[in-house]
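Laboratory data are not the source of any read-out in this text; all were calculated from the coordinates shown. Nothing here was measured: the structure is a model prediction, and the numbers come from that model. Here Cβ is always computed from backbone atoms with ideal geometry, including for glycine, and neighbour counts include all displayed protein chains.
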Amino acid sequence: MSFSLTILLQHVMALPPSTFAGALGVLANCVWPLQRERRTILALQCTGALMFGLHYLLLGAPTAAAMCVGAVIQGVAAATITSRKLQLSIVGVTLAAGLTVTVTAFAGLPSVLAQTGSLFTAYGRLQRRAQSIRWCFLAAEMFWTTHNIIVGSPWGLTSDTMGVSMLLVGLWRGRADGGLLPWLAPLRGALSRATAVAMHPQMALNRG
């Protein structure tokens, strides 16, 4: 058993740094969609973003690497800071910094895709419900998948494929907690009240 682990460790250590970082990023991004606790989700997202930031930097994709650094800062702020205004301020600063990097290190379409994907993930980290976080990241995957195809990141594409699969599984599993479409809950509540008033107008007048 120890011999097998030694061989496995030798193979892992022999991987190029970009491949090793990408593999760790894939692992983190496959695990977090299945979690239920918000802080656990954010911690695993930070780990994945940190690993992919290194991966993209080694591949020569500076905009994507900068977006990943911003993602780590956003995740830490969302997980540790209770003040909503301070959270929004930090996220706003990271988005502004990311936009600056996008402009100064503009690499064409990949830069635009990385910036747009980062906007969706930043919005997702500000969500209170796990289901809402999953939906925002699922939307971001459209842009990151296209980005990874263009820059030639096999580990990024592996993460996208497995991440989308895990997000869909997580959304289905989490439907009992927040519903499959959590943002429709207030609309359903308002529609139910309006229907009740329409069917029983006298009861609504009595309550008033």
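With only Lys, Arg, Asp and Glu charged, each at its Cβ (+1 for the first two, -1 for the last two), find how big the charge dipole of the stretch 45-167 is about the Cα centre; round to the nearest 20 debye.
Numbers: 6 positive and 2 negative charges, 102 e Å.
The dipole magnitude comes to about 480 debye.
If we count other beta carbons within 10 Å of each Cβ, what is the order of W155, W144, W135, fewest first? Please report the intermediate quantities before stating the final value.
On the way: W155 22, W144 26, W135 19.
Ordered from fewest to most neighbouring Cβ atoms within 10 Å, W155, W144, W135 come out as W135, W155, W144.
Count charges around C46 for me, please; just the other residues with Cβ under 12 Å from its Cβ, Lys/Arg as +1, Asp/Glu as -1.
Values: positive: R39, R125; negative: none.
Summing Lys and Arg as +1 and Asp and Glu as -1 gives +2.
Say the dipole of the stretch 17-173 comes from +1 at the beta carbon of Lys and Arg and -1 at that of Asp and Glu; which of G75, I149, T104 then lies farthest toward its positive end?
Ranked along the dipole, the leading option is G75.
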